[in-house]
Every structure is written in structure tokens, then in C-alpha cells.
Amino acid sequence: MSKKRRKPSGYRPPPPKASVTPAAERVAAEPAVPRFLGWLSRPPGDTSWPTIPRALARGFVTVGSSPGLLLSSFLLLFLMWVALVALGLEGPPARMVNLLALPPVSTYFDALNGVTIYGLGSVGFIAASVFLVIRSVVLALLAGMIVQLLEGGGNAAGGLVRGLRAIPVTIAVNLLTLAMMVTGSVVLPLLGAGLGFLASVLTLVAALFLFVFAPIVAVREPERPFYDIIRRGARAALLPGSRHLLMCLGYIFLTLPILVALAPGGALLGVNPSLAMWTYALVCTFVHLSFLAAFAYRLMAVEDEIPEQPVRVRRR
């Protein structure tokens, strides 16, 4: 028998089901959405999934109320930028915006930084792989700290040890994301300029959709086998009525075109960002961590409902 996991502090379960009304009977009589497309369906009124606005609000409050987590992330932002400049990066400063973004956005920038500094070829690929491993360690530690806060631990540092155990899973997530991106860069140009660009964006959305829950599962359930953690995260994403796809779309379109485009002086080459650029990068780092906390909060609310085995679809 599996031990009972702690729900996020402040979580309120859905209200009990009310008596069946005529309107509810009409809704029940409508054709049901196929199980494999349930994640596209409208969530029922008694769903355990927190709404997207509520999850985002909880994420912003959780991160904003933890000085230790904020100071750690801001220090990481500074150290990562200084390290890239020391390796030979010449800008633009807009790359600071997504230095602590979630995969696949951060995976894209790691590959871009490796190619920019060392050029195309084996050296650039090795550099991108090293950046990916470092990114995985940072993501695992941040996930552990955020889960600790959501559980009501109070001290984000207490989640560092738990985050260390999630490093292999975060490395696998980044590798799978990188494999999807590399495969897409080879295959998608065959679709033409317009369709190829759209498909490349959808590839990023698909990677975030399938793998964003895996580091959280690794922190919450480290006793599970490695492959089962990744599968469990994907099954959570496919639960009916989650609106998880909508949240992933929002994050991708916010981080890539919007945050980068609004960076003050971010398109200029140089290694000395202005004070406005540093301030903007810190705000964007806060946004990234808040989204990670929002994803973690949503998973922790429904993790008891995630099936242990794939759901079989009966043919009609």
C-alpha cells in the first residue's frame, strides 16, 4: 500500500457532488469525448484540477513569499550570465531573460549558446550538452525547493536534498526535449517555411506538455523507477479536463516571443547589460519560477487520480 502524499498547503478539495438535475442529465446524455482526447475536453464542475488562474496565483505567491528561493534564483542568474560571458558569449543581453526558463525553452537557449560560442560542429554540440547537464541540476534543485514550499515546509532549503534525487530525471527530460528539437530541425523544413515554423513551435509545446511534470514527480515520489516517473508525468498531462495544453501554450508564447521582444536593449550586442535589463531579467526569472510552482501545484492536487496503468480504450 502506497503511503499517503501530502497535498499542497491551502489546497481545497472539490465540493461534493450535488443531486442530479435535469440540466445535468442533458449534459450526461451528450456524446462523450473519446478517452484518448479527454485532455482536450472541458473540465467537469467537480474536477480536482485547480483552474489555471488559481494555479498561477498560487505559484506567484509561493515564489514571492520565499526570500531564500528568490535570492538563490537571482544569484544563479548572475553566475550563469558571467560564466557564459567568460566562455566567449558576446550577447545579446536578451538571452538573460530565459536563462532560468523551463525546458524546452531553456533547452533551446542552451543549444543556441553552445553554437554561438563554439560554432557548429562537435565542439558546439558538446558545449550544448554540458550546458544541458548544468541546467538539469539547477532545475532539479529549484523543483525540490518549490515542492518543499508547497507542502508547507516553510524552508525552501529543505528541498535541496530532495531535488538532488531528481537530477537523473531532469537530465532525461532535457535529453528527450533536445532529441525532439533536433529531429524537428531535420524533418520539419520539408513541410515548407510556414508549416515548418508552426510545427517547430508545436514541438516545443508538445515537449513542455509531456515532460514538465516529470521533475515534480521525481521529487514527490523518488522511490519510483526512473522510466515510471517520466510515464507518470505524461499520464498526468493526459488526464481529462486538465486544460494542461492551454497552460503550456500560454507559457511558450509568453517566454519566447513576448518576454524576449520586450527586453530593454536586449537586441544590442554587448556583455554589460544595463540596469533596466538586469531588472527586467530578474522579473522574468520570477515569472519562470512562478510557472514552475503553478505546474507543481496542479500536479500535487491530482496526483492521487493518476492511473498506474494505461487506460485501455474499448472499441465500439
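The values are calculated or read from the model by the stated rules, or taken from the named source; none is laboratory data. All figures in this text were calculated on a predicted structure; none of them were measured in a lab. Virtual Cβ from ideal backbone geometry, glycine too; neighbours counted across all protein chains shown.
The residue pairs whose first member lies in the stretch 102-116 and is touching a residue at least 24 places away in the same chain (Cβ under 8 Å), whose second member is not in a helix (DSSP H, G or I), and whose beta carbons are closer than 7 Å, counting only pairs six or more residues apart or on different chains, are Leu102/Val212; Asn113/Leu89; Thr116/Leu89. Only residues that are over 18 Å from Leu246 (Cβ atoms), among the hydrophobic types (A, V, I, L, M, F, W, C) and within 20 Å of the chain's Cα centre (by Cα) were counted across the stretch 194-208, and they come to 1.
Among the residues here, Arg224 does not qualify as buried (at least 19 other Cβ atoms within 10 Å of the Cβ), charged (D, E, K, R) and closer than 30 Å to Val161 by Cβ.
Contact map, the stretch 233-245: residues that are farther than 14 Å from Ile216 by Cβ paired with residues that are small (Gly, Ala, Ser) and surrounded by fewer than 18 Cβ atoms within 10 Å (Cβ to Cβ), Cβ distance under 8 Å, separation 6+ or inter-chain. Pairs shown: Leu238/Gly38; Leu239/Gly38; Pro240/Gly38; Pro240/Ser41; Gly241/Gly38; Gly241/Ser41.
When you scan the stretch 99-109, do you find a residue that is crowded, with 20+ Cβ neighbours inside 10 Å, of a type in the set (A, V, I, L, M) and either modelled with pLDDT under 90 or assigned to a helix (DSSP H, G or I) (or both), even just one? So far as the stretch 99-109 goes, yes, one or more of its residues are crowded, with 20+ Cβ neighbours inside 10 Å, of a type in the set (A, V, I, L, M) and either modelled with pLDDT under 90 or assigned to a helix (DSSP H, G or I) (or both). If we keep just the residues of the stretch 299-315 that are within 11 Å of Leu239 (Cβ to Cβ), in a loop (DSSP other than H, G, I, E, B) and of a type in the set (A, V, I, L, M, F, W, C), which is modelled with the lowest pLDDT? Filtering first and then ranking leaves Val311. For Ala281, the conditions (1) in a loop (DSSP other than H, G, I, E, B); (2) at pLDDT 90 or above all hold with the exception of (1). Look at (1) among the β-branched types (Val, Ile, Thr); (2) surrounded by fewer than 17 Cβ atoms within 10 Å (Cβ to Cβ); (3) in contact with a His (Cβ under 8 Å, 6 or more places away or on another chain) and you find that Ile258 fails only one, number (3).
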